[in-house]
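The values are calculated or read from the model by the stated rules, or taken from the named source; none is laboratory data. Please read these numbers as outputs of a predicted model, since none were measured by experiment. Using ideal geometry, Cβ is built from the backbone for each residue, glycine included, and neighbour counts are taken over all protein chains shown. Only protein heavy atoms, including side chains, enter the accessible area calculation; ligands, DNA and RNA are left aside. Shrake-Rupley method; radii C 1.70, N 1.55, O 1.52, S 1.80 Å.
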Amino acid sequence: MTFATHIFRHSKQLRNAPGVIRQDHAILVRWFTNSTRSITNTGDDVSKLRHGENICGCKSCSGSISSTPMFTRSYRVNPTKGQNGLAVGAEGTSVGGMMFSRAISCSDVQVKRSFSSSSGLPPHQEIGMPSLSPTMTEGNIARWLKKEGDQVAPGEVLCEVETDKATVEMECMEEGYLAKIVHGDGAKEIQVGEVIAITVEDKADLDKFKDYKPQASDAAAPEAPPAPTPPKEDVVEKPVSTPEPKAVKPTAASETDRVFASPLARKLAEDNKVNLSSIKGTGPDGSIVKADIEEYLASGKKDVPAAAAPKGDKSTVSAINYTDIPHTQIRKVTASRLLLAKQTIPHYYLTVDTCVDKLTKLRGELNSLQEASGGKKISINDLVIKAAALALRKVPKCNSSWTNDYIRQFHDVHINVAVQTDNGLYVPVIRNADKKGLSTISEDVKTLAQKARENTLKPSDYEGGTFTVSNLGGPFGIKQFCAIINPPQAGILAVGSAERRVVPGSGAAEFKFASYMSVTLSCDHRVIDGAIGAEWLKAFKGYIENPETMLL
């Protein structure tokens, strides 16, 4: 009862929270009394929480352990330690540094409330680096919008966090004062969960955190005992490794003046005027063989130009100027994902030329209607996205992804669109593209592309795509190219530029001009067989060459 009462007296928010009084008070009292069960009972949820497990009580999680960090409110007691290393309370009760955690919701931000009776610090919150995307393991602090000493309220933006996909605003979850910024503007490679800031409830407590440094978590304490064991193993290994140098026999040969070498090696050394005593043999018992002479000659030839270069032409070495550009988070993720795709996905490519004369004519008619109504113009890429979405609905096997146990076929068509920016390559998603009109698709593409250039995309803007379209023809004039599949998707369409061609007419001496656009479909052969990919391209070509069918 002593420590339970101590906790409730420490915080104004605990005293004013009726939900905590009703629910958590009984838990705290039960676990702080002498009649409680042993804390070593690992079957209890509280013991599980102490060992780092997150047990969510919301309906969406169904009690499962969340893969992303949960927003938890924790109440910790740090009593004084006895001689045996266990925490001892005022009445001599062994507490062992218990921590009680109640899941508020499945948010991404990690906040830990600490109460210390031995460190002399007032009640405070440790705000950890949030996990803002499924693939995020570390993040960067772009900038802080609040300064130390500022008052903060729920919903206010604390800082901007650069994730592996975009820059996201991190909001405050509770009111208080920002006492300490642990990682300032531009901090790089901060691990998810690592403390980045401290907040307090009372303004009078700000000065107590000027020299605050985050301490190691309780989980670090058990790591100390295993530390002495590795040195013991190293001591045992050292005597084992010492006999190895004694087994080297070339030293015995060097003690005498005789050099052991094969006849062929001696002749090769004489022809090239090589001193055998300067060569270390790799043959039996350290003898010199032909390969040793050849290796020595090869290394000697390489050394001559290297030594002559600094003497003769120093200007060529100094003329090489370069700049090392640090990797951004988006560049790291792009590199790792594309490398994974090329190494693990069996790509194959299908290319087809499509006539776009009717498509261009329809686009002109639609844009005239858009201008009259004050709408935005429709691009060729918007029509390509619509045609690709309808082809996926017609050939649903291409709207799938590979897993080790099954092929997942998606019922909704979400098209990712590749957008190149100064910060890197982004692929925002157009959701339900098969059900949207061309004007809606055009507006979505322009809005998401602008967000990508401003680096303000949210995870919901680029996650969940089932197929990708990459267009280098319109913006850059690339005739044809092959794109890398965006995992876990099974296909990506590379769109080239349109060009005028001379094609045969109906008669023997008749010719006509037409515009053709080359498109290449990259397929995951584990999911899409060649005939299925060809069937999808046939459907796509039909919609492009007869665009009025997209309006049906």
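Please go through the stretch 170-204 and pick out each residue that is acidic (D, E) and either modelled with pLDDT under 85 or crowded, with 18+ Cβ neighbours inside 10 Å (or both). Hit for the stretch 170-204 is E201, nothing else. Listed by position, the helices (runs of 4 or more DSSP H) contained in the stretch 309-422 that have at least 3 residues being surrounded by fewer than 16 Cβ atoms within 10 Å (Cβ to Cβ) are 314-318, 329-344, 357-373. Within the stretch 159-169, if we keep just the residues that are of a type in the set (A, V, I, L, M, F, W, C) and modelled with pLDDT under 90, the residue that is farthest from V419 (Cα to Cα) turns out to be V161. Listed by first and then second residue, the pairs linking a residue in the stretch 455-473 that is in contact (Cβ under 8 Å) with a residue 60 or more places away in the chain to a residue that is open to solvent by 30 Å² or more (accessible area, probe 1.4 Å) and in a strand (DSSP E or B), with Cβ atoms under 9 Å apart and 6 or more places separating them unless they lie on different chains, are N455/A142; N455/E162; T456/E169. Of the residues making up the stretch 437-448, just one is of a type in the set (V, I, T) and over 29 Å from the mean Cα position of the chain (by Cα), namely T440. Answer yes or no: is there a residue in the stretch 534-543 that is touching a residue at least 60 places away in the same chain (Cβ under 8 Å) and farther than 16 Å from T354 by Cβ. No, that holds for no residue. Do we have G507 as part of a loop (DSSP other than H, G, I, E, B), loosely packed, with under 15 Cβ neighbours inside 10 Å and either within 30 Å of the chain's Cα centre (by Cα) or in contact (Cβ under 8 Å) with a residue 12 or more places away in the chain (or both) here? It is false that G507 is part of a loop (DSSP other than H, G, I, E, B), loosely packed, with under 15 Cβ neighbours inside 10 Å and either within 30 Å of the chain's Cα centre (by Cα) or in contact (Cβ under 8 Å) with a residue 12 or more places away in the chain (or both).
From the set of residues in the stretch 449-462 that are buried (at least 21 other Cβ atoms within 10 Å of the Cβ) and part of a helix (DSSP H, G or I), which is farthest from the chain's Cα centre (by Cα)? So, considering only residues that are buried (at least 21 other Cβ atoms within 10 Å of the Cβ) and part of a helix (DSSP H, G or I), the one farthest from the chain's Cα centre (by Cα) is A452.
Put simply, of E169, E189, E160 the only residue that is of a type outside the set (S, T, Y), on the phi > 0 side of the Ramachandran plot and in contact with an Asp or Glu (Cβ under 6 Å, 6 or more places away or on another chain) is E189.
Does D353 qualify as being closer than 17 Å to K541 by Cα, acidic (D, E) and in contact with a strand residue (DSSP E or B) (Cβ under 7 Å, 6 or more places away or on another chain)? Spelling it out, D353 is indeed closer than 17 Å to K541 by Cα, acidic (D, E) and in contact with a strand residue (DSSP E or B) (Cβ under 7 Å, 6 or more places away or on another chain). Considering (1) surrounded by fewer than 17 Cβ atoms within 10 Å (Cβ to Cβ); (2) assigned to a loop (DSSP other than H, G, I, E, B), the lone condition that P475 does not fulfil carries the number (2).
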